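The values are calculated or read from the model by the stated rules, or taken from the named source; none is laboratory data. None of the values given here were measured: they were computed from a predicted structure. Please note: Cβ atoms are built from the backbone with ideal geometry, for glycine as well, and neighbour counts cover all protein chains shown.
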């Protein structure tokens, strides 16, 4: 296109007024910085999403089977046994999660009881996130000890901080839940609750609020006793797959096999709220940066008006040669697009380079102090090609918008 060739010549030609050069350079730099910021911010949110997924995998099962309606699986034990026969399932175990009240010598607090089997606890990566003690959930088996057959639990860091309890079977916690059956003696309010006493084997931290704030992992036999589940009821069935098996493929097979009365959730679906929050923050931040990019395009519009004044002599010559007003407007329209696209290309390149340096070299640290207290030492980032395409599309749209003003003006 002839108008594009003329615009390219104007872009690289020397101007008689420095203001035009300065405004054009400022426009390119502004677009480049905004574009680079979008690439980096999207990559940082990708990194935090990966970090959250990695931490959740230490506690969450590969798949979780829950009832499609209600909160209790009436046949959880038999369902777990049937699923465990599959070749791609290493461990299938019932899970019970219920609200309770924890009472300690230093006070009390509402907690979430998570009843798990010994096999399920062993299949998780809980031992790798222990801050104190060990990941022991079950019953003491020592006939020579006064603690023989005592129930053992593991506390989240939030419960440990709130109650002052420690691991190593040195602390005791009492848990109470409302009674589901029988009559209540109003003269003795405590008859409205069922309780049990547990030894604390350890304290863990996942860096995920749902697990860290108020959870106590207890033997599933304790939760069933407290809730009076006598027929193998459970909240869900945890599935830990054989190494190398595709989680999504197994989930689809199970959904077809189990039918519409059950839902099969992968790790992301189990913590959908947390990942939705990260996604919302990511796209809201992108929208704000895109708005900044639009504001930056006003510099381009200003530079185009000054360039038109600069090139009045050239425009007069083109008119004398028979150039139409639409042709002249298209020259400056292409000029605006070229400035925006040039800045966007530079920003994409710089953003990609900076992100890859951080992704591979871990250059930028979270803080300069004691790194042992942090989950990660450097900002987690992950460059996603889809994000680069999205940012490029935004730059092209802004380039088109910035060129519209040249078509509205008189030539």
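In this structure, is residue 229 surrounded by 18 or more Cβ atoms within 10 Å (Cβ to Cβ), within 30 Å of residue 180 (Cα to Cα), under 21 Å from the mean Cα position of the chain (by Cα) and in contact (Cβ under 8 Å) with a residue 60 or more places away in the chain? So residue 229 fails the test. With the structure loaded, tell me whether residue 113 is at pLDDT 85 or above and either out of contact with any strand residue (DSSP E or B) (no Cβ under 7 Å at 6 or more places or on another chain) or farther than 13 Å from residue 204 by Cβ (or both) or whether it fails that test. It is true that residue 113 is at pLDDT 85 or above and either out of contact with any strand residue (DSSP E or B) (no Cβ under 7 Å at 6 or more places or on another chain) or farther than 13 Å from residue 204 by Cβ (or both). Checking each residue in region 257-269 for being assigned to a loop (DSSP other than H, G, I, E, B) and within 18 Å of the chain's Cα centre (by Cα) picks out only 266. Would region 115-128 turn up any residue that is more than 23 Å from residue 242 (Cβ to Cβ) and either buried (at least 18 other Cβ atoms within 10 Å of the Cβ) or without any contact (Cβ under 8 Å) to a residue 60 or more places away in the chain (or both)? Yes, because at least one residue in region 115-128 is more than 23 Å from residue 242 (Cβ to Cβ) and either buried (at least 18 other Cβ atoms within 10 Å of the Cβ) or without any contact (Cβ under 8 Å) to a residue 60 or more places away in the chain (or both). Somewhere in region 138-146, is a residue over 29 Å from the mean Cα position of the chain (by Cα) and outside any loop (DSSP other than H, G, I, E, B)? For region 138-146, residues over 29 Å from the mean Cα position of the chain (by Cα) and outside any loop (DSSP other than H, G, I, E, B): present.
Looking only at region 70-85, residues that are free of Cβ contacts under 8 Å to residues at least 40 places away in the same chain and in contact with a helix residue (DSSP H, G or I) (Cβ under 8 Å, 6 or more places away or on another chain) come to 0 in all.
Among the residues of this structure, residue 339 does not count as one that is more than 13 Å from residue 33 (Cα to Cα), part of a helix (DSSP H, G or I) and free of Cβ contacts under 8 Å to residues at least 12 places away in the same chain. One residue stands out among those in region 270-282 that are touching a helix residue (DSSP H, G or I) at 6+ places or on another chain (Cβ under 9 Å) and in a helix (DSSP H, G or I): the one that is surrounded by the most Cβ atoms within 10 Å (Cβ to Cβ), which is 270. The number of residues in region 371-400 that are surrounded by 19 or more Cβ atoms within 10 Å (Cβ to Cβ), part of a loop (DSSP other than H, G, I, E, B) and modelled with pLDDT under 90 comes to 1. Considering the conditions (1) under 30 Å from residue 229 (Cβ atoms); (2) modelled with pLDDT under 85; (3) over 30 Å from the mean Cα position of the chain (by Cα), residue 20 is excluded by exactly one of them, (1). Is it true that residue 234 is crowded, with 18+ Cβ neighbours inside 10 Å and closer than 19 Å to residue 114 by Cα? Criteria met by residue 234. Going residue by residue through region 130-144, is there one that turns out to be modelled with pLDDT of 90 or more, touching a strand residue (DSSP E or B) at 6+ places or on another chain (Cβ under 7 Å) and closer than 17 Å to residue 210 by Cβ? No: region 130-144 contains no residue that is modelled with pLDDT of 90 or more, touching a strand residue (DSSP E or B) at 6+ places or on another chain (Cβ under 7 Å) and closer than 17 Å to residue 210 by Cβ. Within the group 252, 319, 308, which residue is buried (at least 17 other Cβ atoms within 10 Å of the Cβ) and either at pLDDT below 80 or in contact with a strand residue (DSSP E or B) (Cβ under 9 Å, 6 or more places away or on another chain) (or both)? On inspection, the qualifying residue turns out to be 308. The residues listed here are 206, 218; of these, the one that is closer than 19 Å to residue 135 by Cα and modelled with pLDDT of 95 or more is 218.
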